[in-house]
Amino acid sequence: MGTYAMKDAADMVFISKKTGKPVMYIDYANATSTEWSSSTVYATKKGANAVAFDGARSGKLKIDTELFSLKLLALVAGQDLDEFETNREGRLFEREVFKLTKDRQIRLSSKAEEGTLSIYKLKENGDHDGAEIVAEATGAGAVPMIVRDVAVTAEDDAATITWGSVNGATGYVVYRDGRRVGQVSTTTFNDSDLKAEKEYAYTVQAINLNGSGAMSARVVVTTPAEGSEAGATVKATKEAIQEAEATASFASGVSYKVLDNGLLQLSDEAQVGAKYVVYYVTRVNNARTVTVAANKFAESFEIYANSKIRESSTGIDHFARIHYGNVKPEGTFTFSQSAKEPTSLSINCDVLPDENDNLAVYTFIED
């Protein structure tokens, strides 16, 4: 009998243990390796090993590949392969950058799912320039814009707060020192139960059925001494206004609306020639999705692995086959992505005994 060498990753056919039907053929693995292990324990006599007990042998099969099919990824993730083969609706998150033209309109490459649009102006370095630009309050699904022109007139035990009307608002919530103290549908609120000669900070937030707008700038006022007349009307400082505008959903007066033809129309305050980025979710048809679920695992397979062995004396290649009767991919697999190297998939499998208590059968065919 000659001696042989092997230098070839095995090609593999996966057969479902559940249906008995072939489900996949792999001829692109860079490496396939099998590890057989068994543990031995000993009974000792006067401290020396006397009787050996060999444990049952177990096996591990590892497959490393840089080429892979999406079906293989679905298989090891435990996804139903019939479900994977069906074209389905996919949900994608998109990011698009536009240089704004004089018409201030943006045409997205795909249709945005309602309620998923986010628009920002960009700095030269690609960072967001200010807060998010939101839809006009008259648009469907839009929240009101920031409340402006808040003014407070304080007495020794009460205060009157006024502000400018916000388009699309159905009500206003008033906060004293960050705590909600009232809600009204008008642009005036009377606060009571205050203490004389004490500092209070007021903010106002517009609301509608879609949600809450940005918080107004803080107006800080000090109540006069007990028995004194009402003090002068106080408004927010320039610094407080700038801080509120910087953190508001509505930035620098810019807004947008979605036109009937799907275009995004930015308001006149948007800067022509500047770059704006749009984030949104879109739905696509004819998609295949691979889902790695927390509680789904790969089924068991029977695998036929084909390779070649080379006879040392003649250099002639002979056919070699390995039959694994019961293989189950582990729940842990590695999918590595790198800018420098091709993406790789590493799969570890448990090789289990089949109905004949065999782990694997090696067959070598000599011509």
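The values are calculated or read from the model by the stated rules, or taken from the named source; none is laboratory data. The structure displayed is predicted, hence computed values, not measured ones. Ideal geometry is used to build each Cβ from the backbone, glycine not excepted, and the neighbour counts take in all protein chains shown. Only protein heavy atoms, including side chains, enter the accessible area calculation; ligands, DNA and RNA are left aside. Shrake-Rupley method; radii C 1.70, N 1.55, O 1.52, S 1.80 Å.
Here are some residues: V284, V272. Which one is more than 26 Å from Y25 (Cα to Cα), open to solvent by 40 Å² or more (accessible area, probe 1.4 Å) and either in contact with a Gly (Cβ under 9 Å, 6 or more places away or on another chain) or part of a strand (DSSP E or B) (or both)?
Details: V272 fails: either in contact with a Gly (Cβ under 9 Å, 6 or more places away or on another chain) or part of a strand (DSSP E or B) (or both).
Result: V284 is the single residue among V284, V272 that is more than 26 Å from Y25 (Cα to Cα), open to solvent by 40 Å² or more (accessible area, probe 1.4 Å) and either in contact with a Gly (Cβ under 9 Å, 6 or more places away or on another chain) or part of a strand (DSSP E or B) (or both).
Pairs please, first residue from the range 227-238 and over 13 Å from Y200 (Cα atoms), second anywhere and of a type in the set (D, E, K, R) and open to solvent by 60 Å² or more (accessible area, probe 1.4 Å), Cβ atoms under 7 Å, 6+ apart in sequence or on different chains.
Filtered contacts from the range 227-238: A230/E155.
Go through (1) in contact with a Phe, Trp or Tyr (Cβ under 9 Å, 6 or more places away or on another chain); (2) modelled with pLDDT under 90; (3) of a type in the set (V, I, T); (4) open to solvent by 60 Å² or more (accessible area, probe 1.4 Å) one by one and return the number of the condition I316 breaks.
Looking at each condition in turn, I316 falls short on (1).
For the range 20-34, how many residues are within 17 Å of G325 (Cβ to Cβ), open to solvent by 90 Å² or more (accessible area, probe 1.4 Å) and outside any loop (DSSP other than H, G, I, E, B)?
Qualifying residue count, the range 20-34: 1.
State which residue is farthest from A294 (Cα to Cα) when the search covers only the range 330-351 and only residues that are open to solvent by 60 Å² or more (accessible area, probe 1.4 Å) and not in a strand (DSSP E or B).
Here is the first cut: in the range 330-351, the residues open to solvent by 60 Å² or more (accessible area, probe 1.4 Å) are 332, 334-335, 337-342.
Adding the requirement that they be not in a strand (DSSP E or B) leaves 337-342.
Details: Q337: 21, S338: 25, A339: 28, K340: 30, E341: 28, P342: 27 Å.
For the range 330-351, the residue satisfying everything is K340.
Looking at the range 35-53 only, could you name the residues that are open to solvent by 100 Å² or more (accessible area, probe 1.4 Å), without any contact (Cβ under 8 Å) to a residue 24 or more places away in the chain and touching a strand residue (DSSP E or B) at 6+ places or on another chain (Cβ under 9 Å)? It would help to see each step written out before you state the result.
Quick first cut of the range 35-53, residues open to solvent by 100 Å² or more (accessible area, probe 1.4 Å) only: 35, 42, 45-46, 49, 53.
Filter once more, keeping what is without any contact (Cβ under 8 Å) to a residue 24 or more places away in the chain: 42, 45-46, 49, 53.
Within the range 35-53, Y42, K45, N49, F53 meet the criteria.
List the residue pairs whose Cβ atoms are under 9 Å apart, where the first residue sits in the range 255-271 and is free of Cβ contacts under 8 Å to residues at least 24 places away in the same chain, the second is in a loop (DSSP other than H, G, I, E, B) and open to solvent by 50 Å² or more (accessible area, probe 1.4 Å), and the two are 6 or more positions apart or on different chains.
That search, which allows pairs on different chains as well, returns N261/R107; E269/S252.
What are the pairs, 6+ residues apart or on separate chains, where a residue within the range 289-305 that is at positive phi has its Cβ under 9 Å from a residue that is of a type in the set (D, E)?
That search, which allows pairs on different chains as well, returns nothing.
Can you name the residue in the range 115-157 that is modelled with pLDDT of 80 or more and of a type in the set (D, E) and is also most open to solvent (accessible area, probe 1.4 Å) among such residues?
Of everything passing the filter in the range 115-157, E124 is most open to solvent (accessible area, probe 1.4 Å).
Among the residues of the range 68-83, which ones are out of contact with any strand residue (DSSP E or B) (no Cβ under 9 Å at 6 or more places or on another chain) and under 22 Å from D11 (Cβ atoms)?
Looking only at the range 68-83, we keep the residues that are out of contact with any strand residue (DSSP E or B) (no Cβ under 9 Å at 6 or more places or on another chain), and these are 70, 74, 79-80, 82-83.
Once the filter is applied, which keeps residues that are out of contact with any strand residue (DSSP E or B) (no Cβ under 9 Å at 6 or more places or on another chain) and under 22 Å from D11 (Cβ atoms), the range 68-83 yields L70, A74.
Between residues in the range 179-191 that are small (G, A, S) and residues that are surrounded by 11 or more Cβ atoms within 10 Å (Cβ to Cβ), which pairs lie under 8 Å by C-beta distance while being six or more apart or on different chains?
That search, which allows pairs on different chains as well, returns G182/V173; G182/V174; G182/F189; G182/D191; S185/T170; S185/G171; S185/Y172.
Looking at I106, I119, which is the one that is more than 22 Å from the chain's Cα centre (by Cα) and in contact (Cβ under 8 Å) with a residue 24 or more places away in the chain? Let's see the steps before the verdict.
On the way: I119 fails: more than 22 Å from the chain's Cα centre (by Cα).
Just one listed residue meets the conditions, I106.
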